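J.: To start, I am sharing the structure in question, which I have written as structure tokens.
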Amino acid sequence: MNTTLCVRGARAGGLANVDMDLPLGRIICFTGRSSSGRRAMALDILYAESRRRYMQALSPTERESVSGTARADVDEISGLPPAIYLGSPLRGRTVGDYLQLDGILAQIMLEEGQIHCIECGGDCLSYAADEVEREVARVQPDTRCLVLAPLTLRNKGMWQQLVQAGFTRVAIDGQIQRLEGDGPALPSGESEVHVVVDRLVPDPNASVRFLEAVRVSRSISSGQTVIWVDGTGEMMHLNQQPTCGECGRQYEPLATADFGTGQPLSGQVTLHGRTMGELMDTPLGLVRNWLDETQGHAKVEAALAEACGLELGHLPLRRRLELLAAGEWQRLQLASCLSSGLTGIFYILEGLGDQLSGEMLDVVAAGLRRLVAGGNTALLLDHTPALVAVADEVWAFAGGRVQVGEPTEIERDEADEKRVTEKVTLALTIRGDGVVGPLAIELPHGKLTCVCGPSGSGKTRFLQEVLLPLLKGRSVEYAAVSTPRNSRVAAVEAPSGKATVLEGLGLFARVADLYASSPAAAARGWDRDTFLLDRPGGRCPSCEGRGQCYFDLEFLEDIALMCASCEGRRYRDEICEVTLRGASIADVLSMTLEQACAHFARHDPIRSRLEAAVGCGLGYLLLGQEVQELERGEWLRLRLALESTRASQRTWVLIDDPASGDHPEDVRAMVGALRELVERGTTVVVADQHPMVRAAADWVVDLAS
């Protein structure tokens, strides 16, 4: 078995032919600034190659439903185990679903729970064929009984069919009648008709004759068995399907799918005082206590133990993943890995230390140690000192190269420590009790406010479900005073779509206007739309302006190749003939932000926004790079640069988790961009636990206090 993962000649994401030997069965940490290559090595090399190898191991039929991936840009990789990347939460899934507990708990409810009749509330029971005799012997010991089979009589010819099958008696409305001659008169539609299968005394040790009678009764009555105690009017319904002991109503046999939301019987099955719906709303810690009263299940117990050990016992099973705090989601992923029982896995965990501090970091570090002790490898993309310190090996990436490094300490600015405002003159005041608990806080206008608190304290929900609706004029559960009017609210979220960096800065239309106003374009009748990539016109029709053509191969991995028509320039040849200061618009997309500043030096609206992005440390980004390819910290600083050119006293900027596990130097650049916004009059509210962000804030709101 390989103990070392060897990488030779890695070039993806700006890596300069990097060679690495990574020890397996250890905790490894990659550090480095944005675009240093650490994320490219983890995801574009190691994870992508693992996915490609997995797909190639499938049969051609299985590959049809699996999305492939292109070959990693690397010379050789050996010793690579199966890799799992723990990334963003999937929308729509719940905590119970993610931990694979919903189906197991439903099975426990199915096997051990008590069904209650919808009509009368009586207990509904079902019996296997070999359980019937024991139950009758328990209730009516040493008593002769008749084994009956309910029958729906359709016509008088049924009597003859019963006789031919060997039956000689039927019970009609409690009266035994023999099947002789033409048989008894045809009963009315409301009459109860039962075929008498056998008459015998139940044996508590079970008998072949009684079991055979039960099987016969069920074969002719769709699983029903009625026991009539001789000499009494008592009839026992011991059916294969659940049957109410009070009113006799029958139900179809239940399956785990019947315990889903909206199913008619989901609320009629109880176990130890709880229905499945109530169990789904129960916190994990209480579910663990409830499970102690059942026969239990090792998978459930392991998952609950790990989740509670990582202090997630407060989360209900029904909580949707996208509503979890960042720290809760990270710990939930770790709990899932620890309880899965998998070995030999290469886990990639990104930003695990975000929003964690104090004893919680020690708990997570201990969880990582247990993960590798189980025969796995943990690769951390993190800069949290406590987690970097627990790593067995730290690799520092810089400028496309890598070397074994040391943890980078966060240096605090003493001036920032004294920045917190002691008094406020104008502030948005929020009071009341609601989704994040009781609040009595102030948010000063024109200041940088840091909303902090431990993971799960409600920082994200405060931004998304309280502050954002208030600023947009919608009603919430809290009372607000001094709410700003006619404010512009910018909630910075993850990028979507195929937008380029140039478009992310809001400059593509302005650049297109410059080229459309040139004499060459005017002579050909080309307007601004001709130079935009988000609509047909001047863009290359083969690649639709992306510069690459993507091929989904049915039996091989997907591949992306440079467009043969435009050779990666994105535009038709005639569009590239229009130039500005010697550069076509295709050339502009190949420029870095720093190069573009010089190219557009005479155009103030464009130059000022480019300079703002360069000032945020993004001068190396290409204007044509898609924003989805950026690291989160890069995208955030790009948005802050854009907002700095729009800043006004009416603007509120809301950001959740701006530090996001970035390198300290990247966090420092981001903090500088936040301070620049505030100096321009913008009100900035961030939800973060990072010490550098908190130190730079004018006002701190601690939701834990």
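The values are calculated or read from the model by the stated rules, or taken from the named source; none is laboratory data. Computed from a predicted model, the values in this text were never measured in an experiment. Cβ atoms come from the backbone with ideal geometry, glycine included; neighbour counts cover every protein chain shown. Heads up: the accessible areas ignore ligands, DNA and RNA and are worked out on the full protein's heavy atoms, side chains in. Shrake-Rupley method; radii C 1.70, N 1.55, O 1.52, S 1.80 Å.
J.: Does segment 653-705 classify as rounded, prolate or oblate by the C-alpha gyration tensor (a ≥ b ≥ c root eigenvalues; a/c under 1.5 gives rounded; else a/b over b/c gives prolate, otherwise oblate)?
T.: oblate
J.: Quick check: with the 1.4 Å probe, what order do R331, R318, R524 take by accessible area, largest first?
T.: Sorted descending by solvent-accessible area, the residues read R524, R318, R331.
J.: Sticking with this structure for a sec: Tell me, what is the per residue accessible area of the chain in Å², probe radius 1.4 Å?
T.: Each residue of the chain exposes 46 Å² on average to a 1.4 Å probe.
J.: Direction-averaged shadow area of the convex hull around the Cα atoms of segment 149-301, nm²?
T.: Averaging across all directions leaves 13.0 nm² for the Cα convex hull.
J.: Same structure, new question: Rounded to two decimal places and with Rh computed the Kirkwood way over Cα pairs, what is Rg over Rh for segment 238-284?
T.: Using only Cα positions, Rg/Rh for segment 238-284 is 1.02.
J.: Tell me, Kirkwood radius of the chain from alpha-carbon pair distances, in Å?
T.: After inverting the mean inverse Cα-Cα distance, the result is 31.0 Å.
J.: State the dimensionless ratio Rg/Rh of segment 324-367 (Rg: radius of gyration of Cα atoms; Rh: Kirkwood radius).
T.: Expressed as Rg/Rh, it is 0.97.
J.: Divide the volume of the convex hull of the Cα atoms of segment 204-258 by its number of residues and quote the answer in cubic angstrom per residue.
T.: About 126 Å³ per residue, rounded to a whole number.
J.: If you average 1/r over every pair of different alpha-carbon atoms in segment 211-320 and take one over that average, what Kirkwood value in Å do you get?
T.: About 17.1 Å for segment 211-320.
J.: For the chain, how many pairs of lysine residues have a Cα-Cα distance under 25 Å, where the two are 8 or more positions apart or belong to different chains?
T.: Here the count comes out as 7.
J.: Quick one: compute the contact order of the chain, relative version, from alpha carbon pairs under 8 angstrom and 6+ residues apart, as a percent.
T.: With pairs under 8 Å counted, the relative contact order is 16 percent.
J.: Okay, moving on. List the pair-distance distribution P(r) of segment 253-409, using every Cα-Cα distance, as the percent of pairs falling in each 10 Å bin from 0 up to the bin containing the longest distance, rounded to whole percents.
T.: It works out to 9, 32, 30, 17, 8, 4, 0, in whole percents.
J.: Let me ask something else. Could you work out how far the C-alpha centroid of segment 1-23 sits from that of segment 144-188, in angstrom?
T.: Each part's Cα centre sits 82 Å from the other's.
J.: Another question about this same structure. Regarding segment 426-508, what's the average projected area of the Cα-atom convex hull, expressed in nm²?
T.: Over every viewing direction, the Cα hull of segment 426-508 projects on average to 7.3 nm².
J.: Given the chain, what percent of its DSSP beta bridges are antiparallel, to the nearest 5?
T.: Taking every DSSP beta bridge with both residues in the chain, the antiparallel ones total about 65 percent.
J.: Enumerate the whole-percent occupancy of each 5 Å bin, from 0 to the last occupied one, for all C-alpha pair distances of segment 452-605.
T.: Once binned at 5 Å, the Cα pair distances of segment 452-605 give 2, 7, 13, 14, 13, 10, 7, 9, 10, 8, 5, 2, 0.
J.: Estimate the FRET efficiency between D123 and Y620 by the formula 1/(1 + (r/R0)^6), using the beta-carbon distance for r and 56 Å for R0, to the nearest 0.05.
T.: Efficiency, from the Cβ-Cβ distance: 0.20.
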